[in-house]
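The values are calculated or read from the model by the stated rules, or taken from the named source; none is laboratory data. Since the model is a prediction, treat every value here as computed from it, not as a measurement. With ideal geometry, Cβ positions are generated from the backbone for all residues, glycine too; neighbour counts draw on all protein chains shown.
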Amino acid sequence: MKNHIIKTMILQTWQQSHSQELQKITETLAKITQLPAEAVKPHLDAMLEQLVKTTELPFYQKVSDEEWIQALNQWSSSHNPNIPLLSDYAVSRGGIYEDEEI
């Protein structure tokens, strides 16, 4: 819900700060498609919403250190602790680069 509110606020800010440009784009698209501006506007709005989604900050950049640590702990505890460990050879240089001569 928080993300949706942020995206809506970003979209509204874009629309307000670029209202003249968006009006020109709407008119141009209406001319190209030969559709009324009212029919073009919802498609332009949907495209802007997609652009807002793609410009969203990654998780690690938008959360506090405590939230990041909590998420990391949740992720790490979600793995099965009973998985067998790799052998010493498997994690040694020789085991990793078997085909290469050292």
When you scan segment 56-85, how many residues do you find that are exposed (fewer than 10 other Cβ atoms within 10 Å of the Cβ) and either in contact (Cβ under 8 Å) with a residue 12 or more places away in the chain or part of a helix (DSSP H, G or I) (or both)?
7
For Gln16, are the conditions met, namely being at pLDDT 90 or above and more than 30 Å from Ala71 (Cα to Cα)?
no
Segment 25-55, residues that are farther than 21 Å from Thr8 by Cβ and exposed (fewer than 11 other Cβ atoms within 10 Å of the Cβ):
Ile32, Gln34, Pro36, Glu38
Which residues, taken from segment 86-102, are at pLDDT 90 or above, among the hydrophobic types (A, V, I, L, M, F, W, C) and surrounded by fewer than 10 Cβ atoms within 10 Å (Cβ to Cβ)?
none
